[in-house]
Amino acid sequence: MNIAETVQAMGVVGAGGGGFPTHLKLSSRCDVVIANGAECEPLLGNDTFLMEKEAEDIVLGLSLAMEATGARKGFIALKAKHPESEAALREALRGKENIHLVLLGDYYPAGDEFLLVREITGRIVPEGSIPLAVGVVVLNVETLRNIARAASGKPVIERTLTCHGEVRQPSVLRVRIGASFEEVIARCGGTTIDAYAIVVGGPMMGWVTTDSKAPVTKTTTGVFVLPRNHELIRKKALPLPYIIKQSKTACCQCTYCTEFCPRYLLGHNLFPHKIMRQINFGLEVPPEVIEGAVLCSECGLCEVFACPMELSPRVVNRAIKERFLAMQYRPTFPKRELDTRSDFPYRKIPMARIEGRLRIEAYKKRPLTHPEGVLVPSRVELLLKQHAGAPARPVVRVGDRVEEGSVVGEVGGEVSARVHASIAGRVVFVDEERVVIES
Ligand code: SF4
Ligand code: SF4
């Protein structure tokens, strides 16, 4: 088995949140691999923790990824504000002449992979394309750790995540996949309030749920407990028709959403203010300006920072993307020379300002702890779609006995990933969406 096949067999997917099956990236050829440890979402600390504690495995994973893709150069990007992680990585990189550390400033969205590619290589990913188009593969640091584990026969059954907000002991935890948010919160001493909602992922790009029994997946980077009436929860929970109605009445066409948009600044033809203007004419016709919505990374900078009217071009762009998907319409973009806009170097938004806008500064004052050990629950709910692409196909039945690490979901399509049992036990429920195991 080559590296890509091993990684596929062990169910490795992008751990940064995207969940793209990693074997597909490792099956391609490129000249540069970038390890993304920028961790630019506010309050997240899991990648930083991993870079400090498992630097050797991250470097090994990066070396394996470079070998698989034929890349001659590797880079590890992290923020300069984490000297412990930097020191651990420097130690692990001794003698590795072809891998370099890149220290980033504390701005948002430093971890956007298109921006990383530009920052490190000077290349600009074409519109509607991926970094591979310019000879680069970008992998999150936990993904690289998982590649290293896969090489020694260990499947992905665990995840490192940050649990923060209204919990007694904000922490970075190691958690078996399929554990519930409730168990994660309990491991952090429980909540400090009764009426709460959870932001899954980071405060900028995460989604909201009130279902505390929902399971941790391979892409769960964070579990943030916030009061139900917190501004962030209220905004994230607004229904689309309301957002559109609000946009139609309140958008003053100030253009700030475009002027601060990282993808616009990179040189892409994404003009959120024009899209906001256009939606007054309905979402049915996809003219050129509307097609630009597919270039949106959904970083959230426009809604959190740029817009003085607190509107959300991000949500509008997402709605347009979903509409295109339903129509099976895929816009194409003409090949052209790209150059960054003149304001590109001056529009890096300091994290402190983002945190202020999100009204989460108070949580930042509470440092993250790092409890020993792994949270291993007695019951796990393993979703069969924890990744981009087609769901995995269940290969176990109710009553089957499974061992830790055995396959419970087989690759379900060209773009798909395996799912493994994260605990040993008996299968108590199976359908097309999930496998539940009790020990
Ligand atoms: S979310 Fe807003 S700022 Fe971010 S890429 Fe999309 S339009 Fe630009
Ligand atoms: S920043 Fe807000 S008000 Fe200004 S153009 Fe964009 S959506 Fe409209």
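Brief remarks follow.
- Within segment 124-153, considering residues that are charged (D, E, K, R) and either in the same structural domain as THR191 (by TED's automatic domain parsing) or outside any loop (DSSP other than H, G, I, E, B) (or both), the one nearest to the chain's Cα centre (by Cα): GLU142
- Among the residues of segment 397-439, the ones that are outside any strand (DSSP E or B) and out of contact with any Asp or Glu (no Cβ under 9 Å at 6 or more places or on another chain) come to 18 in all.
- All conditions but one from (1) more than 13 Å from ligand 1 (Cβ to nearest atom); (2) over 23 Å from the mean Cα position of the chain (by Cα) apply to CYS307; the one that does not is (1).
- Against the numbered list (1) in contact with a Cys (Cβ under 8 Å, 6 or more places away or on another chain); (2) in a loop (DSSP other than H, G, I, E, B); (3) not β-branched (Val, Ile, Thr), PHE333 comes up short only at (1).
- Number of the condition not met by TYR196 [criteria: (1) surrounded by 19 or more Cβ atoms within 10 Å (Cβ to Cβ); (2) within 18 Å of the chain's Cα centre (by Cα)]: (2)
- Residues that are part of a strand (DSSP E or B), more than 19 Å from GLU361 (Cβ to Cβ) and not hydroxyl-bearing (Ser, Thr, Tyr) do not occur anywhere in segment 226-239.
- Note on segment 232-257: among residues that are within 11 Å of ligand 2 (Cβ to nearest atom) and buried (at least 21 other Cβ atoms within 10 Å of the Cβ), the one that is nearest to PHE305 (Cα to Cα) is CYS257.
- Options LEU226, LEU238: the member that is within 27 Å of PRO331 (Cβ to Cβ), touching a helix residue (DSSP H, G or I) at 6+ places or on another chain (Cβ under 9 Å) and touching a residue at least 40 places away in the same chain (Cβ under 8 Å): LEU238
- Checking ALA15, ALA35, ALA87 one by one, the residue that is outside the structural domain of LYS218 (by TED's automatic domain parsing), among the hydrophobic types (A, V, I, L, M, F, W, C) and either in a helix (DSSP H, G or I) or more than 22 Å from ALA110 (Cα to Cα) (or both) is ALA87 and no other.
- Residue in segment 41-49 that is assigned by TED's automatic domain parsing to the domain that holds ALA80, within 15 Å of VAL138 (Cβ to Cβ), buried (at least 24 other Cβ atoms within 10 Å of the Cβ) and touching a residue at least 40 places away in the same chain (Cβ under 8 Å) present: yes
- Answer from CYS251, CYS261, CYS257 - the residue that is within 15 Å of ligand 1 (Cβ to nearest atom), under 19 Å from GLY202 (Cβ atoms), out of contact with any strand residue (DSSP E or B) (no Cβ under 6 Å at 6 or more places or on another chain) and not hydroxyl-bearing (Ser, Thr, Tyr): CYS261
- The residues listed here are PRO350, PRO345; of these, the one that is in contact (Cβ under 8 Å) with a residue 60 or more places away in the chain and on the phi < 0 side of the Ramachandran plot is PRO350.
- Among the residues making up segment 303-318, those that are within 14 Å of ligand 2 (Cβ to nearest atom) and of a type outside the set (Val, Ile, Thr) are GLU303, PHE305, ALA306, CYS307, PRO308, MET309, GLU310, LEU311, SER312, PRO313, ARG314, ASN317.
- Restricting segment 17-29 to residues that are surrounded by fewer than 23 Cβ atoms within 10 Å (Cβ to Cβ) and in contact (Cβ under 8 Å) with a residue 60 or more places away in the chain, the residue that is farthest from GLY206 (Cα to Cα): SER28
- A single member of GLU322, GLU337, GLU355, GLU361 is without any contact (Cβ under 8 Å) to a residue 24 or more places away in the chain and touching a helix residue (DSSP H, G or I) at 6+ places or on another chain (Cβ under 8 Å), and it is GLU361.
- Residue match in segment 163-178 (condition: more than 16 Å from the chain's Cα centre (by Cα) and assigned to a helix (DSSP H, G or I)): no
- Selection of segment 157-186 for residues being under 26 Å from SER406 (Cα atoms) and either in contact with a Leu (Cβ under 8 Å, 6 or more places away or on another chain) or of a type in the set (Phe, Trp, Tyr) (or both) yields THR160, LEU161, LEU173, ARG174, VAL175, ARG176, ILE177, GLY178, ALA179, PHE181, GLU183, VAL184.
- So PRO287, is it out of contact with any Ser or Thr (no Cβ under 8 Å at 6 or more places or on another chain), modelled with pLDDT under 90 and either farther than 30 Å from ALA197 by Cβ or within 14 Å of ligand 2 (Cβ to nearest atom) (or both): yes
- For segment 287-309, the criterion of being in a loop (DSSP other than H, G, I, E, B), among the acidic types (Asp, Glu) and within 21 Å of TRP207 (Cβ to Cβ) is met by at least one residue.
The values are calculated or read from the model by the stated rules, or taken from the named source; none is laboratory data. Only a predicted model underlies this, so the values are computations on that prediction, with no experimental measurement involved. Using ideal geometry, Cβ is built from the backbone for each residue, glycine included, and neighbour counts are taken over all protein chains shown.
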